[in-house]
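K.L.:
My questions all concern the structure below.
The values are calculated or read from the model by the stated rules, or taken from the named source; none is laboratory data. Keep in mind the model is a prediction, meaning the values are calculated, not measured. All Cβ positions, even for glycine, are placed from backbone atoms using ideal geometry, and neighbour counts span all protein chains on display. What goes into the accessible areas is simple: the full protein's heavy atoms, side chains included, and nothing from ligands, DNA or RNA. Shrake-Rupley method; radii C 1.70, N 1.55, O 1.52, S 1.80 Å.
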Amino acid sequence: MRSLFLASFALTAISLSATAQAPFCSETFDYPVGSSVHGQSGGAGWSTAWWSDFSGASGMDVVSPGIDGIGNKGQVVYEYEGAYRKPDVALAPDLEENGLLGADGGVLWICFWAARPAGCQDQFGGVSLYEQFVGEKLFIGSPWMSGGWGIGVPGVGDFPVAGTDCNIPTNLVARIDFLPGDERVRLYLNPP
């Protein structure tokens, strides 16, 4: 669902030595409505500006109003395209190992609002976690042709949550526990 709306995107880290931290990374899409996010650098806790492609023509545009009353929305405008941004892992050093997000013992929370716009027929959309030059590691949102919310793990499969509807604005909260071996991912939805 290339037209999936995202709003108030935040990453929060919790280390074993602390019970909670404030979000180390957030985005409210407070950019000019109708503009591409390519090259934009608002929000907090990011090490780079948004990047779509070398021309900046594809990826995600800013639309208004936002879903949650905070800022605008980001809307992907070309199927199978998106916009990418790297969190500043220096703000959550307990989560980095060998230059990658995901140190064993760390916990990462990802929270965002999303919905498929009325009349849109696209079949998937959400937030993907990528390793640069390697590929997607985890997808959070509306898995391919599910019509609802869930997660996807490349090479393993999609895990839709029964009874959910991606047409209804929903707050998705994912908890990723970085463990030796496979990670553990839990997804919470509101409305449930």
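K.L.:
Counting Lys and Arg as +1 and Asp and Glu as -1, each charge on the Cβ, what is the dipole of the range 70-192 about the Cα centre in debye, to the nearest 20?
P.N.:
Working: 8 positive and 15 negative charges, 87 e Å.
With only Lys, Arg, Asp and Glu charged at Cβ, the dipole is about 420 debye.
K.L.:
Let's test this: bin the Cα-Cα distances of the chain at 5 Å from zero up to the farthest pair and state each bin's percent.
P.N.:
P(r) over the chain, rounded to whole percents: 1, 8, 16, 21, 22, 17, 10, 3, 1, 0.
K.L.:
Rounded to the nearest whole Å², what accessible area per residue is found for the chain with the 1.4 Å probe?
P.N.:
Values: 9640 Å² over 192 residues.
Heavy-atom SASA per residue in the chain reads 50 Å².
K.L.:
Over all directions, what mean area does the Cα convex hull of the range 96-192 project, stated in square nanometres?
P.N.:
Details: hull surface 26.5 nm².
Projected over every direction and averaged, the Cα hull of the range 96-192 covers 6.6 nm².
K.L.:
Then there's this: Tell me, what % of the accessible area of the chain is carbon and sulfur with a 1.4 angstrom probe? Write out the running numbers ahead of the final one.
P.N.:
Numbers: 5380 of 9640 Å².
In the chain, the share of accessible area belonging to carbon and sulfur is 56 percent.
K.L.:
At a probe radius of 1.4 Å, what is the per-residue accessible area of TRP109, in Å² to the nearest 10?
P.N.:
Around 60 Å² of this residue is reachable by solvent.
K.L.:
Three principal axis extents, largest first, for the C-alpha atoms of the range 33-115, in Å?
P.N.:
In descending order, the Cα extents are 40, 32, 22 Å.
K.L.:
Step by step: find N for the range 133-176, compute 2.2 N^0.38 Å, then divide the Cα radius of gyration by it. What's the final number? Could you put the intermediate results ahead of the total?
P.N.:
Working: Rg = 11.0 Å, N = 44, 2.2 N^0.38 = 9.3 Å.
That ratio works out to 1.18.
K.L.:
A further question follows. Quick one: what does P(r) look like for the range 93-150 with 10 Å bins over all Cα pairs, in whole %?
P.N.:
19, 41, 28, 11, 1
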